[in-house]
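A.B. asks: Sharing a structure here in structure tokens format.
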Amino acid sequence: MKHLLKMLDLSTEEITKILDLADQLKYELKNNIPHRHLEGKTLGMIFQKSSTRTRVSFETGMYQLGGHPLFLSSKDLQIGRGEPVQDTARVLSRYLSGIMIRTFAQQEVDDLAKYGSIPIINGLTDFAHPCQVLADLMTIREYKNKLDGLKFCFVGDGNNMANSLTVGCLKTGMSVSLACPEGYHPPKEILDFAKGYGDKFEIVSDPVKAAENADVIYTDVWASMGQEGEAEKRRKAFAGYQVNDAVMAAARPDAIVQHCLPAHREEEITEKVFEAHANEIFDEAENRLHAQKAVMVLLMK
Ligand code: CP
Ligand code: NVA
């Protein structure tokens, strides 16, 4: 593993290795056991979109590992004024030990990896959010003590989260049911991958059907960052694609709820379901820290 660009690139063994190390680092942090694996290393964090969790968990995680994080807003970098990614990649490779980038096009992340010579970590693109999915898998494993054999249900937009979750869950032995409205299915690349898993994958239009006997119910916003102009149109298209009591009644009684956050209450999830499952959702947010520390150690040590 040289980079973390998207879940499609990871083998099941690599995912398990990250999750196992994440569990260990979480244990070490909780028990004040030093784990300064990245002393003297620097991580550049390029943000072209807003962030609370990704920024704070990477920055804190790097500090806990003994390294130094640099927050680089694209507004301040020359990349925001048109300096090519190829040049930015080659320059930053001379200074830094690794780069985390949050941006729009997956191609930009892939190009950083292609032209640079240091590990690149995708902190969210329009196509993928692998850091979030590693934290999600870690959380599901904490609650269910396994991944293999579970049923995972996602309700909502066939977006970066649906894409990465579909791949991550299938690769770790879960079955995946997506409930997405027509016109908002994941892209062909993801559907082609999922088809290889036969009846372990389905995409339906009814959220209650997708949730039947599910162990995990997941949802995300109807309009992602960059889609603010479509918010009204999307509110209409996604009406009914909400995690609510009816969806929860179809799932297993011990089902957990996950949300990558930020959440829009009474849109993709009701306040009631959100608050009833808040512990699971905030454990998930916490696990961003531990999962990303594992990724940084494996890529940068
Ligand atoms: N879930 C997530 O990536 O949150 P931020 O946008 O706050 O980083
Ligand atoms: N799909 C959301 C995820 C945010 C973490 C977005 O891209 O805005």
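A.B. asks: Would you report the distance distribution of C-alpha pairs in segment 117-258 as whole percents per 10 angstrom bin, up to the bin with the largest distance?
C.D. replies: All Cα pairs, binned at 10 Å, distribute as 12, 43, 35, 8, 1, 0 percent.
A.B. asks: Could you tell me which GluC sites (Glu not before Pro) in segment 1-75 are loop residues by DSSP with no more than 11 other beta carbons within 10 angstrom of their beta carbon? Before the final figure, lay out each step's value.
C.D. replies: On the way: sites: Glu13, Glu14, Glu28, Glu39, Glu59; in loops: Glu39.
Here the sparse-neighbourhood loop sites are Glu39.
A.B. asks: Using a 7 Å offset from the Cα along the Cα-to-Cβ direction at both Ala278 and Asp254, what is the distance between the two label points in nm, to one decimal?
C.D. replies: So the two model labels end up 2.5 nm from each other.
A.B. asks: Quick one: divide the alpha-carbon radius of gyration of segment 2-104 by 2.2 N^0.38 Å and tell me what you get.
C.D. replies: Details: Rg = 15.3 Å, N = 103, 2.2 N^0.38 = 12.8 Å.
Rg over 2.2 N^0.38 Å, computed on Cα atoms: 1.19.
A.B. asks: Do any trypsin sites (Lys or Arg not before Pro) in segment 1-100 lie in a loop, going by DSSP, with at most 11 other beta-carbon atoms within 10 Å of their beta carbon, and if so which? Spell out each step's value before the answer.
C.D. replies: Working: sites: Lys2, Lys6, Lys17, Lys26, Lys30, Arg36, Lys41, Lys49, Arg53, Arg55, Lys75, Arg81, Arg90, Arg94; in loops: Lys2, Lys6, Arg36, Lys41, Lys49, Lys75.
Of the trypsin sites (Lys or Arg not before Pro), the ones in loops of segment 1-100 whose Cβ has at most 11 other Cβ atoms within 10 Å are Lys2, Arg36, Lys75.
A.B. asks: Counting other beta carbons within 10 Å of each Cβ, put Phe127, Phe47 in order, fewest first. Numbers along the way, then the final one.
C.D. replies: Working: Phe127 23, Phe47 20.
Listing Phe127, Phe47 from fewest to most nearby Cβ atoms yields Phe47, Phe127.
A.B. asks: Another question about this same structure. What ranking do 62-71, 291-300 get when scored by the average of other Cβ atoms within 10 Å per residue, highest first?
C.D. replies: Details: 62-71: 18.2, 291-300: 23.9.
Those peptides, ordered most packed to least, come out 291-300, 62-71.
A.B. asks: Would you mind calculating the gained length between Lys146 and Thr16 on full extension (0.36 nm times residue separation, minus the Cα-Cα distance), in nm to one decimal? Don't skip to the answer; put the middle values down first.
C.D. replies: Numbers: separation 130, 0.36 × 130 = 46.80 nm, distance 1.10 nm.
Gain on extension, Lys146 to Thr16, equals 45.7 nm.
A.B. asks: Among the listed pairs Lys17/Lys188; Lys236/Lys272; Lys6/Lys209; Lys151/Lys233; Lys6/Lys233; Lys49/Lys209, give every one whose C-alpha distance is greater than 26 Å.
C.D. replies: Numbers: Lys17/Lys188 29 Å; Lys236/Lys272 22 Å; Lys6/Lys209 29 Å; Lys151/Lys233 31 Å; Lys6/Lys233 29 Å; Lys49/Lys209 34 Å.
Distance filter (> 26 Å) returns Lys17/Lys188; Lys6/Lys209; Lys151/Lys233; Lys6/Lys233; Lys49/Lys209.
A.B. asks: So, R0 is 35 Å and r is the distance between the beta-carbons of Asp87 and Ser51; what FRET efficiency does that work out to, to 0.05? Write down the numbers at each step before the final one.
C.D. replies: Working: r = 25 Å, r/R0 = 0.70.
Efficiency, rounded to the nearest 0.05: 0.90.
A.B. asks: How big is the chain on each of its three principal axes, counting only the C-alpha atoms and giving the largest first in Å?
C.D. replies: The principal-axis extents, from largest down, are 53, 45, 36 Å.
A.B. asks: With just the Cα atoms defining each centre, how far is segment 89-157 from segment 1-72? Give it in Å.
C.D. replies: First find each Cα centre; the distance between them is then 11 Å.
Rule-based calculations on the coordinates, nothing more; no lab input. Predicted model only: the values in this text are computed from it and were never measured. Virtual Cβ from ideal backbone geometry, glycine too; neighbours counted across all protein chains shown.
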